[in-house]
1. Going through THR40, THR96, THR72, THR55 one at a time, which residue ends up being touching a Leu at 6+ places or on another chain (Cβ under 9 Å) and either surrounded by fewer than 21 Cβ atoms within 10 Å (Cβ to Cβ) or closer than 28 Å to LEU163 by Cα (or both)?
2. Scan segment 89-101 and give yes if some residue there is on the phi > 0 side of the Ramachandran plot and assigned by TED's automatic domain parsing to the domain that holds ILE26, otherwise no.
3. With the structure loaded, tell me whether GLY86 is buried (at least 19 other Cβ atoms within 10 Å of the Cβ), in contact with a helix residue (DSSP H, G or I) (Cβ under 6 Å, 6 or more places away or on another chain), in contact (Cβ under 8 Å) with a residue 60 or more places away in the chain and small (Gly, Ala, Ser) or whether it fails that test.
4. Just the residues that are closer than 11 Å to GLU53 by Cβ and of a type in the set (Gly, Ala, Ser), please, taken from segment 76-96.
5. When you check LYS132 against the structure, is it loosely packed, with under 11 Cβ neighbours inside 10 Å and in the same structural domain as ASN100 (by TED's automatic domain parsing), yes or no?
6. Return yes or no: is PRO152 in contact (Cβ under 8 Å) with a residue 60 or more places away in the chain, part of a loop (DSSP other than H, G, I, E, B) and in the same structural domain as LEU54 (by TED's automatic domain parsing)?
Amino acid sequence: MKTNLESIAKWRRFQFKKLRILLAWIGGMILFYYSGISETTFWAGFPLVILGELTRIWAAGHVERKGQKLATDGPFAYARNPLYIGNFLLGLGFVTVCGNVLFIAIFLIGFGIVYWGTIRKEEKDLSELFGKTYQEYCRQVPRIFPRFSPYPGREKFSFQWPLILKHREHVTAMAVVLGLSGLYLWERVGLKHGSVSGKETFAAGIALAMILGLITEALLRQAAKKKVPS
């Protein structure tokens, strides 16, 4: 019975994840086209993006086995959905960088609608999987706004760097760096039609390195899949 519930939970999370990724790509392209990016908006949104990704890294390093073991330590001891908090900060940071007030409003509304449904589905699945343990956790730990002290009933689990690779958070981090580098170059060179200085050359080098890194990671992942016996 538990195996069936785990399969259902994974399928539902997969469907919502596909929707979120699709909306993020479509919204990102539209936002970029209608962006009003400037040096001021870039440096206003930059800290939010960095804080969001650091939050995601912190959370990913405490998720030992998704759908099999309940994470209650690290950022999960303060809020039940730290990965989604990280996503919110990332998204808010990028729309702030692009400097379009209308899209900031659309992001806030859209994020609330999409993630509210996602969170409610996951809570139902986790309640079925972990029963009273999860219900007690929910009773003491808020969904989003963190509590001031860590959850006293948490199962202590130290941050593990290998989990970052396991959950492929390094891919998200590289994509974030690529996005910031690209937006910086767009503002400094594309919009201003300025000459390329040392800073712009450095940003271009970072962007190129991230592109090569993402391509290499994808190729290595495909090669690893082919080696797995069917």
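The values are calculated or read from the model by the stated rules, or taken from the named source; none is laboratory data. Bear in mind that the values here come from a model prediction, so they are computed numbers and not experimental data. All Cβ positions, glycine included, derive from the backbone under ideal geometry; neighbour counts span all protein chains shown.
1. Going through THR40, THR96, THR72, THR55 in turn, the sole match is THR55.
2. Scanning segment 89-101, I find at least one residue that is on the phi > 0 side of the Ramachandran plot and assigned by TED's automatic domain parsing to the domain that holds ILE26, so the answer is yes.
3. no
4. Across segment 76-96, the qualifying residues are GLY86, GLY93.
5. Here the answer is yes, as LYS132 does meet what is asked.
6. So PRO152 fails the test.
Residues are listed down the side, and each one gets a yes or a no for (1) at pLDDT below 90; (2) assigned by TED's automatic domain parsing to the domain that holds ALA59; (3) on the phi < 0 side of the Ramachandran plot:
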| residue | (1), (2), (3) |
| --- | --- |
| PHE148 | no, yes, yes |
| ALA173 | no, no, yes |
| SER197 | yes, no, yes |
| LEU219 | yes, no, yes |
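Yes/no matrix, rows are residues, columns are (1) at pLDDT below 90; (2) over 21 Å from VAL177 (Cβ atoms):
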| site | (1), (2) |
| --- | --- |
| LEU48 | no, no |
| GLY52 | no, no |
| THR55 | no, no |
| ALA60 | no, no |
| GLN68 | yes, yes |
| PHE76 | no, yes |
| GLY99 | yes, no |
